[in-house]
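The values are calculated or read from the model by the stated rules, or taken from the named source; none is laboratory data. A quick note: this is a predicted structure, and the numbers were derived from the prediction, not measured. Every residue, glycine as well, gets a Cβ built from its backbone with ideal geometry; the counts of neighbours run over all protein chains shown.
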Amino acid sequence: MIYRPGSKQFRLLALISVLIYLPFATAVDAAETGQQVSINSVRIRQSPERTRLVFDLGGFVEHSVFLLDNPLRLVIDIRNARLVASLGELKLSDTPVTDLRSAVRNRQDLRVVLDLTARIKPRSFVLKPILQYGDRLVIDLYAPDRLVTTVRQADRISRQMKDVIIAIDAGHGGDDPGAVGKGRIFEKDIVLAIARHLEMLLEKEPGYKTLMIRSNDYYVGLRKRTRIARRSKADLFISIHADAFMTAEARGASVYAISQKGATSEQAQYLAERENRADLIGGVDSVSLDDKDDLLAGVLLDMSMTNSLNAALEVGGEVLKSIRTVTKLHKKEVEQAAFAVLKSPDVPSILIETGYVSNPKDAAALKTKAHQKKLARAIYQGVTRYMEKNSPPGSFLAWKNHGQPNVVKYTIVRGDTLSAIAQKYRVSADRLRKINQLRNDVIRIGQVLQIPTS
Ligand SMILES: [Zn+2]
């Protein structure tokens, strides 16, 4: 899905990301000043999903949390801190905590121990000052079965630096040669060569992932082509063709987006087929349409299609701008037609006719490697120019192009390794260890890492 800067969704998402990042935007280490940080008050609050313990602090602290058995207890170690507040007045009824005590360790560190009635899953994090609140250390105690939803939230955060996915569709293939030019020039071969070169260019560019709809000489059904792109949540679908015409005169490249009529009839058909709804991603917030009533489903689908069409027209325009520098244009504007592969309601899709194999001049150029590479590069330039301006929120590109804050937080989920996280965020594992004061590569599920993004 492409959210356009200036749109309501974009502004909302931008606001949400600022609110998420705000507390983590700077990581000043008060502990380094050598002064003990005071813990001014301690609060405990029970909600249906967790017990939250909040330490109100005089500054930033380093901490660690671990569980001990026999008897069951949670240990919170806070480095270089002293307790000013009293723990005796906390209301512990209805919480899994039966008692709470503290002790000084290593003369300057503080240890707080919670006696527990049940095996909980702890999660802890620090918050920077905001509004009336100062620095805080938050310890959440989850009943084990409640943790699943939290991990899902963490997973959403972990996808904040996702790559933009470009689906590349080389037309025809296998028994379908596409247009055939003089001297047995097959459209299917030319477009696969261009597609492969485009794939190579995009894969080299940080922030992009490609999805080849067909990677060799075989046929893929038209409906299946769009289905592959949609299932993989592609941000853009590019179908590459080389036309033929009855007369040899027709020549030059053209770019197509779906026609309004094609989009409208497609919409009607989608709504008619109930089974399509379950896997149809609506225009906003990945809304599934299967549980919506017909009117709402129609509105969401319409919005999604309009967004996709607008995005397709814009990216098509950018591709035309670049492609005209390497070949003649058949039409100077993005044309609109009801091609089947352009009918994904939620993936902006364009179809590029790179030239006419029925025209001797076009055909002579199209069969050369040099011209195929030039065309691929022109498509690449158009696509990347569009994506620079319309980076999906939360993508690596959005961060790169719109200057997101210089630190993000990442919550460890099952299966994570420090080296994989380092690779994903394009920082060295060494830098990650240093910033997060890790002595080794051991990380825990639920642990929050500070990730430098510049
Ligand atoms: Zn074709």
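What to note about this one:
- Evaluation of residue 338 against (1) more than 11 Å from residue 256 (Cβ to Cβ); (2) modelled with pLDDT under 95 (one fails), failing number: (1)
- Residue 321 surrounded by 17 or more Cβ atoms within 10 Å (Cβ to Cβ) and of a type in the set (D, E, K, R): no
- For the range 229-239, the candidate set comprises residues that are part of a loop (DSSP other than H, G, I, E, B) and surrounded by 24 or more Cβ atoms within 10 Å (Cβ to Cβ); within that set, the residue that is farthest from the ligand (Cβ to nearest atom) is 235.
- Check on residue 242, at pLDDT 95 or above and within 16 Å of the ligand (Cβ to nearest atom): no
- Inter-residue pairs, beta-carbon under 9 Å, first in the same structural domain as residue 61 (by TED's automatic domain parsing) and of a type in the set (D, E, K, R) and in the range 102-117, second part of a loop (DSSP other than H, G, I, E, B) and surrounded by 12 or more Cβ atoms within 10 Å (Cβ to Cβ), 6+ apart: 109/79; 109/80; 115/72
- Residue within the range 30-47 that is modelled with pLDDT of 85 or more and within 34 Å of the chain's Cα centre (by Cα) present: no
- Residue count for the range 218-239 under the criterion of being at pLDDT below 90 and under 14 Å from residue 165 (Cα atoms): the result is 4.
- Residue count for the range 162-204, restricted to those that are more than 16 Å from the ligand (Cβ to nearest atom), in contact with a Phe, Trp or Tyr (Cβ under 8 Å, 6 or more places away or on another chain) and in a loop (DSSP other than H, G, I, E, B): 1.
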